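The values are calculated or read from the model by the stated rules, or taken from the named source; none is laboratory data. Given the structure is predicted, the values throughout are model-derived calculations rather than measurements. Here the Cβ positions follow ideal geometry from the backbone for every residue, glycine too, while neighbour counts run over all protein chains shown. Each accessible area value is taken on the protein alone, full model and side chains, heavy atoms only, with ligands, DNA and RNA left out. Shrake-Rupley method; radii C 1.70, N 1.55, O 1.52, S 1.80 Å.
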Amino acid sequence: MTVKTYEDDNIFAKIIAGDLPCHKVYEDDKTLAFMDIMPQAKGHVLIIPKQKAVELSQLEPEYASAVFMTAKKVMAAQRQVFERDGIMQMQLNGAEAGQTVFHYHVHLIPSNFHELGKHATTQADMAELAEQAKQLREAIEAAQ
Ligand code: 5GP
């Protein structure tokens, strides 16, 4: 099986380029973290590399490392803000696995696995997402 070709007009590439908005949680030179617009639980965040990679097999080591450093910051902030002990880390490779956006991303979802909502199904209230992103940003800044 061959890996899908990276397409420059995917939604997350447009978010990185600033052509589409997002509720930003954290950004550095190699990564961006933002609220998932159709969360599977309250506080669902996506972490993406600023590298053109469809899936894990294409991710360069320096970007893999950067994604996980950012994920650790986000996870600590989620624990604090949402007071959840359980933070699910999910990452889907390929349409068969359920991947719907073909730019590599890690999901961090404050949830019990058995309470998880449906994947990419129901759009959240934008004001709530904005407030959650603000709280997470403040928690990350306070920890630095
Ligand atoms: P995947 O199925 O590729 O693992 O996950 C893609 C995720 O992106 C889904 O959880 C879906 O809710 C989210 N998503 C899809 N479109 C948008 C968008 O335009 N903005 C944001 N913030 N998230 C999106």
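List of remarks:
- The residues of region 2-15 that are in contact (Cβ under 8 Å) with a residue 40 or more places away in the chain and not hydroxyl-bearing (S, T, Y), listed by number, are V3, K4, E7, D8, N10, I11, F12, A13.
- Pair list, Cβ < 7 Å and 6+ apart or interchain, from region 21-37 residues that are within 13 Å of M126 (Cβ to Cβ) to residues that are among the polar types (S, T, N, Q) and within 14 Å of the ligand (Cβ to nearest atom): M35/Q132; I37/Q123
- Just so you know, in region 99-116 the residues that are part of a loop (DSSP other than H, G, I, E, B) and near the ligand (Cβ under 10 Å from one of its atoms) include one that is most open to solvent (accessible area, probe 1.4 Å), and it is T100.
- When L92, L59 are screened for being within 10 Å of the ligand (Cβ to nearest atom), within 16 Å of the chain's Cα centre (by Cα) and under 18 Å from K4 (Cβ atoms), only L92 passes.
- Taking the listed residues I15, I48, I11, I37, the one that is among the aliphatic types (A, V, I, L, M), surrounded by 20 or more Cβ atoms within 10 Å (Cβ to Cβ), within 13 Å of the ligand (Cβ to nearest atom) and within 26 Å of A130 (Cβ to Cβ) is I48, with no other qualifying.
- Search result, residues across region 82-98 that are polar (S, T, N, Q) and either under 21 Å from D8 (Cα atoms) or open to solvent by less than 20 Å² (accessible area, probe 1.4 Å) (or both): Q91, N93
- All positions within region 18-34 that are more than 21 Å from S111 (Cα to Cα), open to solvent by less than 40 Å² (accessible area, probe 1.4 Å) and among the hydrophobic types (A, V, I, L, M, F, W, C): L32
- Where A139 falls short, out of the listed (1) closer than 20 Å to C22 by Cβ; (2) under 16 Å from the mean Cα position of the chain (by Cα): (2)
- Pair list, Cβ < 8 Å and 6+ apart or interchain, from region 82-95 residues that are closer than 15 Å to L46 by Cα to residues that are among the charged types (D, E, K, R) and open to solvent by 40 Å² or more (accessible area, probe 1.4 Å): I87/R79
- S57 under 18 Å from E27 (Cβ atoms), of a type in the set (S, T, Y), in a helix (DSSP H, G or I) and open to solvent by 40 Å² or more (accessible area, probe 1.4 Å): no
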